[in-house]
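Scroll down for the structure; my scribbles are underneath it.
The values are calculated or read from the model by the stated rules, or taken from the named source; none is laboratory data. Because the structure is predicted, anything quoted here is derived from the model rather than measured. Glycine also receives a Cβ, built like all others from the backbone with ideal geometry; neighbour counts cover every protein chain displayed.
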């Protein structure tokens, strides 16, 4: 790689690192091309970026970016997975892959701009995704709305019964039975 190519690579990495809210550095030494291709396909499917980096170029590109906190971890065969929005999906995909492939290891991580311990990756992976959380909140909102509608319908029904009984009482003079709830 000549000087111009290195400068271009640093510029590209710097742009990617600038937008990185969430990043995981991984070691992939000994991973087969087939396994690497599977990982890349899974990451692409989930709109995540994954790139094998040259450590010296990555260290230089990380300066002044959120990834600068991970700068000292660019050692050995290193790749970086980046997510601009959803750290949970990234942690789930990479954790699942790491369980199936012992040669794939976590080196360092950053979530929402804060450096995390590698043991926290499993904790993050066990969290529900953003879509699952939104679904649960919408269910809870809908559930309470349904309860409210049911209660209001019961009140209206009872009111209609009472009014009907009052009309009967006034027209027929007969005593109306008490409403049931």
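Assorted remarks:
- Every residue from the range 90-141 that is modelled with pLDDT of 85 or more and at positive phi: 112
- If you go through the range 121-141 and pick out every residue that is closer than 23 Å to residue 45 by Cβ and assigned to a helix (DSSP H, G or I), you end up with 10.
- Search result, residues across the range 93-116 that are within 18 Å of the chain's Cα centre (by Cα) and under 19 Å from residue 67 (Cα atoms): 94, 109, 110, 111, 112, 113, 114, 115, 116
- Residue in the range 132-151 that is surrounded by 10 or more Cβ atoms within 10 Å (Cβ to Cβ) and closer than 30 Å to residue 35 by Cα present: yes
- For the range 122-134, the criterion of being touching a residue at least 60 places away in the same chain (Cβ under 8 Å) and in the same structural domain as residue 20 (by TED's automatic domain parsing) is satisfied by no residue at all.
- Listed by first and then second residue, the pairs linking a residue in the range 98-121 that is outside the structural domain of residue 40 (by TED's automatic domain parsing) and free of Cβ contacts under 8 Å to residues at least 12 places away in the same chain to a residue that is buried (at least 18 other Cβ atoms within 10 Å of the Cβ) and in a strand (DSSP E or B), with Cβ atoms under 7 Å apart and 6 or more places separating them unless they lie on different chains, form an empty list.
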